[in-house]
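Reviewing the structure listed below.
The values are calculated or read from the model by the stated rules, or taken from the named source; none is laboratory data. Just so it is clear, the structure is predicted and the values come from calculations on it, not from any experiment. In this analysis, Cβ positions are derived from the backbone assuming ideal geometry, glycine residues included, and neighbour counts consider all displayed protein chains.
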Amino acid sequence: MSDPPAGCPVVVLAGGLGTRMAHIAPDLPKALVPVLGEPFAFHQLRLLAAQGVRDVLYVVGHLGARIREAVGDGRTFDLAVAYVDERESLHGTAGALRLALDRGMLPETFGVLYGDSYLPIDLAPVWRAFSDDGRPALMTVFRNEGLWDSSNAVFGNGTVLRYDKDPAAHEPAMEWIDYGFSVLERSVVDRIPTDSVVDLADVYRDLSRRGELAGYEVSERFYEIGSPDGLAELERYLGAALDKA
């Protein structure tokens, strides 16, 4: 495995239907939901650029053309943005990565995050942890203890010892939660069957069972716009940051 460069490419999974937010912006994909008067994607892309990212691959689906129109080639954000379009035939979050691989668009090593997540952390230590570890996948985790959402991971000594989003699989030691940013080798995606519908949560679960999922603990809480409450919290956070500037 080669070392990931500073500013490793990032894949943004933005193909979901966003049903919980449909009443707020019924004709917009979730990535374009207005946040403080701008599409959410603009905030997310500026954050990625500030963290040293230079190349972004959007995997879009439902209303994906609207994202292309708004974001374009990314030059406005000092980024190079490319696209893979699932159109209306959604493959799940892992299946979408497989589609990007089959179309020759997936980098050898890449970060992956969701199109509704705002993650105010320094990515450089995450890249380094992945490079130093040697395993094909690394998940950032947050000690959640059931606070922001259902905790789903057991973490220790740089390893996600167990990961499972199924509520029936929950155990007391699951005090951490998937923070929403991971680093993967392309070889992980190569295991996913072509044209399959697969969720990344299932891929991470299987990696953890095989001891192949490294972990990196972060201390800054995550934000998301997948729900009205999440949107309100992010606007409060960004508004407070603007007041301090």
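Data table
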quantity: Any hit, segment 155-175, residues being closer than 25 Å to Glu233 by Cα, modelled with pLDDT of 95 or more and in contact with a helix residue (DSSP H, G or I) (Cβ under 9 Å, 6 or more places away or on another chain); calculated: no
quantity: Qualifying residues in segment 54-68 (those that are surrounded by fewer than 21 Cβ atoms within 10 Å (Cβ to Cβ) and either of a type in the set (Phe, Trp, Tyr) or out of contact with any Pro (no Cβ under 7 Å at 6 or more places or on another chain) (or both)) - the one farthest from Leu106 (Cα to Cα); calculated: Ala65
quantity: Residue within segment 87-106 that is farther than 17 Å from Val189 by Cβ and crowded, with 16+ Cβ neighbours inside 10 Å present; calculated: no
quantity: Check on His91, within 18 Å of Phe40 (Cβ to Cβ) and in contact (Cβ under 8 Å) with a residue 40 or more places away in the chain; calculated: no
quantity: Which numbered condition Glu88 misses (of (1) charged (D, E, K, R); (2) at pLDDT below 95; (3) in a helix (DSSP H, G or I)); calculated: (3)
quantity: Residue that is farthest from the chain's Cα centre (by Cα), among those in segment 144-166 that are buried (at least 18 other Cβ atoms within 10 Å of the Cβ) and among the aliphatic types (A, V, I, L, M); calculated: Val154
quantity: Selection count, segment 31-81, where residues are assigned to a helix (DSSP H, G or I) and either of a type outside the set (Val, Ile, Thr) or in contact (Cβ under 8 Å) with a residue 60 or more places away in the chain (or both); calculated: 21
quantity: Looking only at segment 116-143, and only at residues there that are out of contact with any Leu (no Cβ under 6 Å at 6 or more places or on another chain) and closer than 25 Å to Val33 by Cβ, the one that is surrounded by the fewest Cβ atoms within 10 Å (Cβ to Cβ); calculated: Pro120
quantity: Residue in segment 43-53 that is nearest to Pro29 (Cα to Cα), counting only those that are buried (at least 19 other Cβ atoms within 10 Å of the Cβ) and not polar (S, T, N, Q); calculated: Leu45
quantity: Among residues of segment 195-226, those that are surrounded by 21 or more Cβ atoms within 10 Å (Cβ to Cβ) and either of a type in the set (Gly, Ala, Ser) or without any contact (Cβ under 8 Å) to a residue 12 or more places away in the chain (or both), counted; calculated: 3
quantity: Count of segment 109-133 residues which are outside any helix (DSSP H, G or I), touching a strand residue (DSSP E or B) at 6+ places or on another chain (Cβ under 8 Å) and not β-branched (Val, Ile, Thr); calculated: 11
quantity: Asp149 being part of a loop (DSSP other than H, G, I, E, B) and in contact (Cβ under 8 Å) with a residue 24 or more places away in the chain; calculated: yes
